[in-house]
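Notes follow the structure.
The values are calculated or read from the model by the stated rules, or taken from the named source; none is laboratory data. Note that the coordinates shown come from a computational prediction; the quantities given were computed from them, not determined experimentally. Here the Cβ positions follow ideal geometry from the backbone for every residue, glycine too, while neighbour counts run over all protein chains shown. Surface accessibility is based on the protein's heavy atoms, side chains included, excluding ligands, DNA and RNA. Shrake-Rupley method; radii C 1.70, N 1.55, O 1.52, S 1.80 Å.
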Amino acid sequence: MRLFYAWHNPETKRYVPYYSIVLIACVTVVVLTMFQVIHQTPLQNAATFFEGFFSLFMLVRNEKVGNAFLTHMASIRLASKF
């Protein structure tokens, strides 16, 4: 179980880079699918979106990333009022 410890503990050094890379890969696949460069079945599309949301959820579990995410979301909400 020590092998997967870095993927479950948000305080480790490898946690944020791992889930950031997974999120970037998911966004890349979604963009390539949108431009029809690659084709996926609906089940593969659902799995890609699920993995993207899951990695975003795991990133927000980290204290620094979570606070920065909330700050950016608040600034977007303030900007949308104008």
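Contact map, the stretch 53-82: residues that are within 20 Å of C26 (Cα to Cα) paired with residues that are charged (D, E, K, R) and assigned to a loop (DSSP other than H, G, I, E, B), Cβ distance under 8 Å, separation 6+ or inter-chain. Pairs shown: N62/E11.
Filtered by the rule that a residue be surrounded by 15 or more Cβ atoms within 10 Å (Cβ to Cβ) and assigned to a helix (DSSP H, G or I), the stretch 31-69 gives T33, T48, E51, G52, S55, L56, M58, L59, V60, V65. Residues of the stretch 10-30 that are open to solvent by 40 Å² or more (accessible area, probe 1.4 Å) and in a loop (DSSP other than H, G, I, E, B): E11, K13, R14.
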